[in-house]
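Right, one structure below, let's go through it.
The values are calculated or read from the model by the stated rules, or taken from the named source; none is laboratory data. Note that the structure is a prediction, hence the values are computed from the model and not measured. As a convention, Cβ positions derive from the backbone with ideal geometry for all residues, glycine included, and neighbour counts pool all protein chains shown. Please note that ligands, DNA and RNA were not included when accessible areas were found on the heavy atoms of the full protein model with its side chains. Shrake-Rupley method; radii C 1.70, N 1.55, O 1.52, S 1.80 Å.
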Amino acid sequence: MQVNITPYVDGSPSRIILSEPTGSTAEVRLYGGQVVSWKNERREELLFMSSKALWKPPKAVRGGVPICFPQFSNFGPLEQHGFARNRLWSLDNSPSPLPPANNQSTVDLILKSTDEDLKAWPHRFELRLRISLSAGKLTFIPHVRNSDNKPFSFSFALKNYLSVSDISEVRVEGLETLDYLDNMLERERYTEQADAITFDGEIDRAYLSTPTKIAIIDHEKKRTFVLRKEGMPDAVVWNPWDKKSKALPDLGDEDYKTMLCLDSAVIETPIVLKPFEEWKGRQELSTVSSSYCSGQLDPQKVIRGFI
Ligand code: TA6
């Protein structure tokens, strides 16, 4: 289907526009290999973008889906969330064979270690990312190859900034009763209660060994995001709330009200690759209209795959 590549007018890295027959689109920046927009067929923006996003390197744009590699968090030798989101990626001219592109619009990107990177992280790697758009669904297939002669380990996350109407009206289903590391309490380990997660303050948690499906219900918009993931057992839930929103220079003071980060992640058990070994993950973001308040759509049915 449609893949258009256009250079930015100010000469900064190119962007790729994916589109598909029902009218949805996605915009990908080669800088950071980052999806910065996903609009549905009604042209509604589904991903959050900070009202104060900095579009100039080396700061990653705060919004869309930044790629966190080879380190998630700031617990490690590298900058917070690793350097992949602050690098210029390329179009991958030798992607592995595409599955049948039935009504999909797909782009393959690649990031390889540079001499500069090797100073900070002495491991040669190839990080590939396939981004596919189809009606109501945005799919990410990250793929890491150890192209070095020694093993390395890495943590990883797709940092999904979701656009919500009002965070205080959002529920997350699928993470009940799981253990999580609380980043606000020195990453202490706790167990989630048995109800859906709702929001009335800052939250910054890495849920461990999560199910393959998580539902994010936007009550006001009557929209449910469904996050399906493979190869990424953990999930991060983050909302900065008011104080941290004011403290982050590239986040609007009120932006926390209309965003939720729900990341597919590899945190608790980093991936270890021997020379020439590969790791592949998969994430599907989709939306279903949820007349949840009338009880017609039970998020648990979404989780259990009936919808
Ligand atoms: O995803 C949660 C988190 O690690 C939070 O602790 C917060 O730091 C957020 O990421 C923002 O990270 P960034 O580096 O994008 O400012």
Two decimals is fine: what is log10 I(q)/I(0) at q = 0.10 Å⁻¹ for the chain, from a Debye sum with one equal scatterer on every Cα and no solvent?
-0.53
Average projected area of the Cα convex hull of region 37-88, in nm²?
4.4
Of all accessible heavy-atom area on the chain, the percent that carbon and sulfur account for (1.4 Å):
51
If each K or R counts +1 and each D or E counts -1, the residues other than Asp242 whose Cβ falls under 13 Å of its Cβ total -1
For Ser147 and Gln80 in the same chain, what is the full-extension length gain: residue separation times 0.36 nm, less their Cα-Cα distance, in nm?
21.7 nm
Distance between modelled label sites at Asp253 and Thr191, nm, 7 Å Cα→Cβ extension:
4.2
With runs of 4+ DSSP H residues as the only contributors, calculate the mean residue ellipticity of the chain at 222 nm using -39,500 (n - 2.57) per run, divided by the residue total and rounded to the nearest 500.
-1500 deg cm²/dmol
So how far, in whole Å, is the C-alpha centre of region 56-125 from the one of region 144-203?
20
Along Cα→Cβ, 7 Å out, is where each label goes; now give me the distance between the ones at Ser94 and Thr198 in nm to one decimal.
5.5
Cβ-based net charge around Trp279, under 12 Å, with every Lys or Arg adding one and every Asp or Glu removing one:
+1
Treat every Asp and Glu Cβ in the chain as -1 and every Lys and Arg Cβ as +1, leave all other atoms uncharged, and give the resulting dipole magnitude about the Cα centre to the nearest 20 debye.
800
